[in-house]
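Q: There's a structure below that I have some questions on.
The values are calculated or read from the model by the stated rules, or taken from the named source; none is laboratory data. Note that the structure is a prediction, hence the values are computed from the model and not measured. Glycine gets a Cβ as well: all are built from the backbone with ideal geometry, and neighbour counts include every protein chain shown. The protein model used for the area step is the full one, side chains on, heavy atoms only, and it has no ligands, DNA or RNA in it. Shrake-Rupley method; radii C 1.70, N 1.55, O 1.52, S 1.80 Å.
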Amino acid sequence: MNITEILGRFHGVQHSGTDAWKAQCPAHDDTNASLCISVKQGKVLVHCQAGCATETVLSAVHLEMKDLFLEPGRQYHAANFAYGCTLAQYAQAKCLDPKKLESFGVTDGERVSSKGRKSQGVRMPYWDSKNAMEPCGIRWRMRMQKERGSEPSRFLWERDSRLCLYGLWRQDASSREVILVEGESDCHSLWSVDYIDADGQRCRFNALGLPGSNNYKPVRDDPQLRFYDTIYVHIEKDTGGHTLYTRLAGLDERRTPSSLLPKIKFFSLAGYKDPSDAWVKMHTTSKPREEQDREFYQFVHRAVLTAQDASHFLRPAEWKELEEKQQEIQKNATKTQRQANASAGGKVGRPATDYVGLIRAFRRTRWTTSAGDLLTLRYWRNSWYAYDGMCYKQMPDSDMENEAMSFLLDPMVGDAYHVQPSSNALRSLLLGLRSTSNCGISSVAEMPMWLSSGQMATGWHAMSNCLVDIETAAARHFQAATQNRKVGREEAREFTMPLTPDLLSTFAMEYPYDPEAECPRFLAWLRSTQPSPDIQAVVQMMLGLMLVPDTSYNVSFFCTGEGGTGKSTYLDIMRALVCDRNVCRLPLLKFEDKFSLWKLAECLVNIVGEMPTEDPQGKLRSIEGDFKDAVSGGMLVIEKKGKDITFAKCTARFVFGCNSLPVFFDKSEGIWDRLIIIPFEQRFRGSTSEIRDIKSTIIPMELPGIFNFALAGLGM
């Protein structure tokens, strides 16, 4: 074999230097191109940085160790090759309309390599939703011809691309079926069909593309396909098609199976490699374009109707040879190992630790939902977070280490993955879990966020019984209040959904959402402490703002008043409404402590009940600028002891209780515009009008009603 034939067995191959390449390792779930391939003195060297054995890597692509010795005289040095491909060339080669391609987001572009080299290419952006401002990934087609010799790949991903299904922004919400194909050109061919037939029916395909046959990720992709009744998967007859079928059919024991298997049906196109191949060959005839489109549509449509589930799908005859060769490779590897043991006097060394399997087993047995489809452990901003049934709660490093070590101490785990409970094994296990292919999340990600898609989940908030879209709920409760009615439970179904670990959020209310709940005791208390209807409205809006991590309103609140006016009771009610888990207590002067600011990025409210009103040393002067920036939702430097520094937006609303207003040195509107002062002037402690036992009546009994009251205030 030559190097081109070997590189052709791997996915995501990129040129990384003279006689050197990197690719995705087929022996584990690889998104980081951790496989290094190089040529030295006529021999191909293959090394997986994740620890996969070379024999396992080769077996996954149907190669043997002997294939790594290049045939004498055959080319193996990297050729000098200049990239260059245009949209017009791509459209001509694929018989596609350039204007339609542009409507799909495909354009000409200039790709800049990591070394600053500029090359003409076809830019194919991946958007994860219709409303996304920026693509989550960009794939470049750098030429049309297949690789020859040791030429680099014709496909390249833009740096920092986050893979997803191709075409998510074009999903047809009215369709209950979707076709899943490999790559972009198949999608472009299927999307190009759109005409009205003789019966007045619109003929088109709802299709999505995989970013490579080995790149289906159930955790990432299953949620995007879950609402379809039937998922038709086109299977090619080559190695890539075999890989895709094995993965989706749940036959690959090394990979997490798709939870959508009951909905999946497989089909192939007789006589053609894929939809793009069929499109090209049917559009190079002399027939009118409309007739060519109709012929292609009817051909693919008939093939789809023959699709079968995994147990009845007719496997291509070409796969038999692939599977027989794979079995032979495994058999030879076992034989080689036995011969090595015999030559060593029968002494068998301990097999290499299977860290990939170890990590997956730990993740699957301890940190997935009962259905086995969603993770409940995440590593974000240098900290571990575990899902507690409502939201994610930070887990100390020591607790995580204890969990991992208890797993390593299990004798069955040691036997299955050839691992000893040591500090090195513990470190390797935790480092593997922290990777983005397992539990890791980029530190630049903001919450709330849907983990499966990477989209922001703005407004969604966890209660003890469901998730609530706070913004929509606020509008409905405000509308209901103006109409002197309640929001019904059926109406509430439109903006609620079951609890799920797919929502990355550290915010949760520990009481249930009941759209019909009321709070008569609280309203009576509010009228007694704040007789003014205007102040009551401000209090209601204030409570509503406490429910969302949106600091774009640029306001903070100061509750002022002497003792016995209800100020402290109001702060207690607010703290109970938001729940202690979402509340921090960071005085202004603590802004100077760099290890305290992280709380402001992970809490909803910062409540300081007794704020000093005097500042004889003038310390407020140095932190007033930071305070104004935090109130406006500015970026904070997140620094925890022993952790790397990160940055995050301030999410906490500031609420201070004080007997009188503090002294600020900034006399401009820059700070006073950010202050809303709520005076408590009705002193009723000890009077006959005092409402007693508030903490034992209002707080434990009326929180769902106060929550509805606050929602209406947010909707004002």
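Q: Restricting the count to DSSP beta bridges whose residues both fall in the chain, what percent are antiparallel, rounded to a multiple of 5?
A: 65
Q: If you roll a 1.4 angstrom probe over the protein chains with everything in place, what fraction of the accessible area of the chain belongs to carbon and sulfur, to the nearest %?
A: 50
Q: Give the residue from V219, V46, Y417 lying farthest towards the positive end of the charge dipole for the chain; charges sit on Cβ (+1 for Lys and Arg, -1 for Asp and Glu) and the dipole is referred to the Cα centre.
A: My answer, from the dipole projection, is V46.
Q: With each pseudo-label sitting 7 Å past Cα toward Cβ, what's the W169-S114 distance in nm, one decimal?
A: 2.7
Q: Which pairs break 24 Å Cα to Cα here: K263/K393; K99/K281; K217/K281; K118/K273; K393/K486?
A: Exceeds cut-off: K263/K393; K217/K281; K118/K273; K393/K486.
Q: Would you work out the charge dipole size for the chain about its Cα centre, treating the Cβ of every Lys and Arg as +1 and the Cβ of every Asp and Glu as -1, and quote it to the nearest 20 debye?
A: 1460
Q: A follow-up question, please. Could you work out how far helix 318-343 tilts from the main Cα principal axis of the chain, as a 0 to 90 degree angle to the nearest 10?
A: 90
Q: Using the structure shown, list the pairs from K567/K599; K567/K649; K594/K640 with a Cα-Cα distance above 20 Å, or answer none.
A: K567/K599; K567/K649
Q: Considering the options C203, C650, P396, tell which one lies farthest towards the positive end of the dipole of the chain, charges being +1 on Lys and Arg and -1 on Asp and Glu at the Cβ, about the Cα centre.
A: The one lying farthest along the dipole's positive direction is P396.
Q: Mind checking which of A475, T500, L523 is farthest towards the positive end of the range 473-559's charge dipole, using Cβ charges of +1 (Lys, Arg) and -1 (Asp, Glu) about the Cα centre?
A: Selected residue: L523.
Q: Hey, if we sort D580, D593 by accessible area with the 1.4 Å probe, largest down, what's the order?
A: Result of the area sort, largest leading: D580, D593.
Q: Nearest 20 debye, what's the magnitude of the dipole of the range 456-560 about its Cα centre given +1 on Lys and Arg Cβ and -1 on Asp and Glu Cβ?
A: With Lys and Arg at +1 and Asp and Glu at -1, about 340 debye.
Q: If you don't mind, another one. A 26 angstrom limit on the alpha carbon distance is what I want to check against. Which of K94/K325; K237/K265; K40/K115; K100/K287 exceed it?
A: Over 26 Å Cα-Cα: K94/K325.
Q: What do you get for the angle between helix 533-545 and the principal long axis of the chain? Use alpha-carbon atoms, 0 to 90 degrees, nearest ten.
A: Its long axis makes an angle of about 30 degrees.
Q: Another question about this same structure. Restricting things to alpha carbons, tell me how big the chain is in terms of Rg and Dmax, in Å.
A: 30.9, 104
Q: Could you give the accessible area per residue of the chain, probe 1.4 Å, as a whole number in Å²?
A: 47
Q: Could you tell me how many degrees, from 0 to 90 and to the nearest 10, lie between the Cα long axis of helix 289-305 and the main elongation axis, the longest principal axis, of the Cα atoms of the chain?
A: Helix 289-305 sits at roughly 80 degrees to that axis.
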